[in-house]
1. Counting only DSSP beta bridges with both residues in the chain, tell me the antiparallel percent, nearest 5.
2. By a straight-distance test (C-alpha under 25 Å), which lysines pair with Lys491 as possible cross-link partners, with residues fewer than eight away in the same chain excluded?
3. Can you put Ile357, Ile467 in order of Cβ neighbours within 10 angstrom, beginning with the fewest?
4. Just how many pairs of Lys in region 2-173 have C-alpha atoms closer than 20 Å, counting pairs that are eight or more places apart or on different chains?
5. Please rank Thr53, Thr246, fewest neighbouring Cβ atoms within 10 Å first, as an exposure proxy.
6. I need the helices of the chain that pass two filters: whole DSSP H segments spanning 20 Å or more by Cα along the axis, and mean Kyte-Doolittle score no lower than -1.0.
7. If we count other beta carbons within 10 Å of each Cβ, what is the order of Ile407, Ile34, fewest first?
8. Does region 193-269 classify as rounded, prolate or oblate by the C-alpha gyration tensor (a ≥ b ≥ c root eigenvalues; a/c under 1.5 gives rounded; else a/b over b/c gives prolate, otherwise oblate)?
Amino acid sequence: MKSDSMALETMRHSAAHVMAAAVRRLYPDALFDIGPSTADGFYYDFDLKHRLTAEDFPAIEAEMAKIIAEDLPFCREEKSRSDVMEMMSARGQCYKLERLADIPEGEAISLYHSGDFTDLCRGPHVARTGDIKAFKLLSVAGAYFRGDEKNRMMQRLYGTAFLSREDLDAFLKMREEARARDHRMLGRDLDLFSIQEAVGPGLVHWHPKGARIRATIEEFWRREHYRAGYELIYTPHIGRANLWETSGHLGFYGENMYAPMEVDEQRYYIKPMNCPFHIQIYKSHKRSYRELPIRWAELGTVYRYERAGVLHGLMRVRGFTQDDAHIYCTEEQVEEEVRECVRFAIAMWKVFGFEDISAYLATRPEKAVGDPGRWEVAQRSLKQALEAEGIAYELDEGGGAFYGPKIDIKVRDAIGREWQVSTVQFDFNLPERFEMVYTGSDGQEHRPYMVHRALLGSLERFFGILIEHYAGAFPLWLAPVQAVLIPVSDKVAAAAQTLAGKLRAEDFRVQVDSRPEKIGAKIRDAQMQKIPYMLVLGGREVENGTVSVRSRLEGDLGSMPLEALMEKLNAERHVALKQDEPSGTA
């Protein structure tokens, strides 16, 4: 599996070179930056006078096909810094000269040749261009050189390549499906959320229907956390500068924090994270081992500066609400607490309809803080928790943060895309910085183990994933409008409002469509809005105490007494929640 992944990555990087060579043949004035492989394919950044569009793709792909058919070898050559500098200067490749300057003195400088195309590159590559199997150009976008908006805007041409045509076709089909499920488009069409330029990019407005879904998620989240032995807390949105100096955020994360404000001659920052506030509550009085474990959770809104170029709908924003939690425990409690975190995360995601769950475990890097013995306990606890819960995982040796190892949980959505979602992470840094202690059974002070834990991540990103997973057609318990009442005439309009009131009294989310439109048009509109049930009410239904029911999924279900309808809806909305069984356990 790993060898296949490496082979695919190598082939994609080689395809990026072939794409660059094709662009050079078609546009000899092109200047080049870099062309790496990515999770889904590859890209190359170009500076050229011609503005690339999708209409140019067939010509570029045809030239790539010619280069592949020529079966040119990829030849590696090491040269001195001065020789490469002279070569790139002669060709006017200013971006390559800047990349050359990034290579440390004493490190080998390698070039790769394929036919008449030469690139500054570490490699590796496939043996020959003919080894590149199935490829396709995907899109073009602007990208600042080195990702800095102060630099020149370049053209980033994206493509993909696979080891077989079948794999490529499957990917393109999934891509088309993903386009139809785009949460930004569905968010607009279903009136769920918006991002208003008048307010600022990356700042989300939850519309009434989106807010209904969020409220439902939050109610479920709170209920499950109380059942799992957590206490919920609330913390401020701003804090003094010295708090962020102590935590290290100003030193390590300052560029992602918003500018300070002056209050009473003190600098305050909007919080990018909740952790220091939770620690202050912990330190509000002395703690005993008898109180541990302490589990605190918060739906805490934070703000982080993200570059405009990386903002993407709900998936990458500047203001978001984390389902944040911190656990403080003793060494003896660590393993069971981690198991509970993993168990809780899996149960939570399954309720929302995600069954394909895996993880990766990131261990101690070379540069790390904290006692190695504590790292060993933490890593063993994470590993045993995954194995005990039967979760498939990959080991990322040395991939942990400098302050602790972690588990990142991944889910696959309805069309097979993988999302990194929940995280369980140890922190040996903040307990030291804030001098956190508890009194042990021996009467001495001890440092608690601190675990950061998020199940859904941020509510905004989670909602984006959820929209795309369900393609906007939410199950009944999440649907913002669970049923729409459609009176056939003004004569039964009052009866429709009365019936809607009865359903709302039982906590059903119901609307009445009293527009002067034909019944068929109202039903079509309800289907387009992905409303689970359409309830048609005419004179006969009013007289008989029934309603004509149409399901989004099953079509016409005929007439039902109100009691039978409510029983059906109740059963459907409760089945996913399994309200007699908590998702987490204390």
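No value in this document is a laboratory result; all are computed from the given coordinates. The structure presented is a predicted model; accordingly, all values stated were derived computationally and were not measured. Heads up, the Cβs are rebuilt from the backbone with ideal geometry, glycines too, and the neighbour counts pull from every protein chain shown.
1. 85 percent
2. Partners found: Lys502, Lys518, Lys522.
3. Ile357, Ile467
4. 9
5. Thr53, Thr246
6. Correct list, ordered by number: 2-26, 334-351, 372-388, 562-577.
7. So the residues, fewest neighbours to most, are Ile34, Ile407.
8. Oblate, because a/c is 1.5 or more while a/b does not exceed b/c.
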